[in-house]
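S.K.: Take a look at the following structure, please.
The values are calculated or read from the model by the stated rules, or taken from the named source; none is laboratory data. All values derive from a computational prediction rather than experimental measurement. In this analysis, Cβ positions are derived from the backbone assuming ideal geometry, glycine residues included, and neighbour counts consider all displayed protein chains.
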Amino acid sequence: MSKVAAVQMISAPTIPENLVAARRLITEAAKKGAELVLLPEYWAALEARDADKLAHAETPGSGPVQDFMSGIAKELGIWLLGGTLSLKSQVENKVLNTMMVYNPQGENIARYDKIHLFNFVKGEESYDESRAITPGDKVVTFEAPFGRVGLSVCYDLRFPELYRAMGTCALIVMPAAFVYTTGKAHWEILLRARAIENQCYLLAAGQGGRHPTGRKTYGYSMLINPWGEIVDVLPEGEGVVIGEIDQKLLADIRERLPALKHRTL
């Protein structure tokens with residue numbers, strides 16, 4: 001069995017202090033035996049203004065955030081899934097919201113640009129990621145030692161067709177910065193649904209608290225097994241969620257209830 005961990009943060013708008021927090025939490029996860037560690041969406045900077053995303057955007061393969069992720073993955077000998085960071089887009093005045101995957105040698109072996117962009121309005125609470133972000137257009141998976149891992153980010157959670165397009169995965173990851181309003185209503189039920197319908201583990205890393213910008217995120221980072229049971233959860237605050245990928249349990253569930261083989265569409 002392999003151990004995986006999700007890091008929950010309350011990221012600030014500036015990068016240096018988030019790198020310090022991330023190092024401490026990634027190291028904690030590795031000391032607990034995690035072979036794969038997932039960071040939340042916007043872990044390196046949860047900015048107050050769209051313009052700040054442009055200021056922080058890096059070129060693929062170069063920049064302090066990418067250098068940090070590569071370096072700590074190699075230092076600790078872990079698979080590191082870098083939540084998301086801003087990368088430069090070909091569209092003027094916009095960025096890509098990107099998850100980078102690093103192997104234990106510190107090599108970037110996969111990249112996923114978030115496809116679905118969040119848009120929500122309720123009274124004075126309003127979000128529209130399309131103002132500053134260019135959507136991706138590719139489904140991305142990679143092979144870990146315990147099986148295929150499917151990549152998704154935050155608002156993607158509401159679109160089950162994305163997960164079907166990944167094929168049969170051992171693990172799906174979900175870094176997020178769910179706002180408190182939608183998180184309280186839908187986060188857990190959607191996570192458990194995606195794990196159940198795809199008969200795989202689901203590892204979710206959230207932002208979890210009141211940020212310096214005033215934004216409140218929902219938290220509840222968790223690991224869910226293929227039966228939809230919560231293995232470990234952290235409601236709020238900084239910390240680490242950890243658990244094992246039990247390949248025997250995975251195989252047993254798929255054998256007893258072969259729903260993936262019964263698909264007709």
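S.K.: Of these, 5, 12, which one is closer than 20 Å to residue 106 by Cβ, touching a helix residue (DSSP H, G or I) at 6+ places or on another chain (Cβ under 9 Å) and in contact (Cβ under 8 Å) with a residue 60 or more places away in the chain?
M.R.: Of 5, 12, the one residue that is closer than 20 Å to residue 106 by Cβ, touching a helix residue (DSSP H, G or I) at 6+ places or on another chain (Cβ under 9 Å) and in contact (Cβ under 8 Å) with a residue 60 or more places away in the chain is 5.
The rows are residues; the columns are (1) under 14 Å from the mean Cα position of the chain (by Cα); (2) at negative phi; (3) small (Gly, Ala, Ser).
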site: 2; (1), (2), (3): no, yes, yes
site: 31; (1), (2), (3): no, yes, no
site: 59; (1), (2), (3): no, yes, no
site: 62; (1), (2), (3): no, yes, yes
site: 70; (1), (2), (3): no, yes, yes
site: 85; (1), (2), (3): yes, yes, no
site: 88; (1), (2), (3): no, yes, no
site: 94; (1), (2), (3): no, yes, no
site: 114; (1), (2), (3): yes, yes, no
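S.K.: Separate question: Counting only residues that are assigned to a loop (DSSP other than H, G, I, E, B) and farther than 18 Å from residue 18 by Cα, which one in the range 73-83 is farthest from the chain's Cα centre (by Cα)?
M.R.: The residue in question is 77.
S.K.: I'd like the residue in the range 115-134 that is among the β-branched types (Val, Ile, Thr) and within 28 Å of residue 169 (Cβ to Cβ) and, out of all such residues, is surrounded by the fewest Cβ atoms within 10 Å (Cβ to Cβ).
M.R.: Among those residues, the one meeting the criterion is 115.
S.K.: Could you check how many residues of the range 34-59 are assigned to a loop (DSSP other than H, G, I, E, B) and among the charged types (D, E, K, R)? Reasoning before the result, please.
M.R.: Filtering the range 34-59 for residues assigned to a loop (DSSP other than H, G, I, E, B) gives 34-35, 39-49, 57.
Now narrow it down to the ones that are among the charged types (D, E, K, R): 35, 41, 47, 49.
Adding up the residues that qualify gives 4.
S.K.: Which ranges mark the strands (runs of 3 or more DSSP E) fully within the range 206-265 that have 2 or more residues being under 21 Å from the mean Cα position of the chain (by Cα) and surrounded by 19 or more Cβ atoms within 10 Å (Cβ to Cβ)? Steps first, please.
M.R.: Values: elements: 221-224, 230-234, 239-245.
It comes to 221-224, 239-245.
S.K.: For the range 147-161, check the following and say yes or no: at least one residue is polar (S, T, N, Q), loosely packed, with under 15 Cβ neighbours inside 10 Å and either touching a residue at least 40 places away in the same chain (Cβ under 8 Å) or within 26 Å of residue 53 (Cβ to Cβ) (or both).
M.R.: No; the residues of the range 147-161 include none that is polar (S, T, N, Q), loosely packed, with under 15 Cβ neighbours inside 10 Å and either touching a residue at least 40 places away in the same chain (Cβ under 8 Å) or within 26 Å of residue 53 (Cβ to Cβ) (or both).
S.K.: Sticking with this one: Taking the range 58-90 only, how many residues are crowded, with 23+ Cβ neighbours inside 10 Å and not hydrophobic (A, V, I, L, M, F, W, C)?
M.R.: Residues meeting the conditions: 4.
S.K.: Restricting to the range 60-72, what's the tally of residues that are assigned to a helix (DSSP H, G or I) and modelled with pLDDT under 95?
M.R.: Final tally of qualifying residues: 0.
S.K.: Determine whether residue 229 is farther than 23 Å from residue 97 by Cα, touching a helix residue (DSSP H, G or I) at 6+ places or on another chain (Cβ under 8 Å) and either at pLDDT below 95 or charged (D, E, K, R) (or both).
M.R.: no
S.K.: Let me ask something additional. Mind counting the residues in the range 32-55 that are free of Cβ contacts under 8 Å to residues at least 12 places away in the same chain and not hydrophobic (A, V, I, L, M, F, W, C)?
M.R.: Residues flagged as free of Cβ contacts under 8 Å to residues at least 12 places away in the same chain and not hydrophobic (A, V, I, L, M, F, W, C) within the range 32-55 amount to 1.
S.K.: Another question about this same structure. Could you tell me whether residue 29 is in contact (Cβ under 8 Å) with a residue 12 or more places away in the chain and not in a helix (DSSP H, G or I)?
M.R.: Answer is no for this residue.
S.K.: Surrounded by fewer than 17 Cβ atoms within 10 Å (Cβ to Cβ) and either of a type in the set (D, E, K, R) or touching a Leu at 6+ places or on another chain (Cβ under 8 Å) (or both): is that true of residue 137 in this structure?
M.R.: Judged against the criteria, residue 137 is a match.
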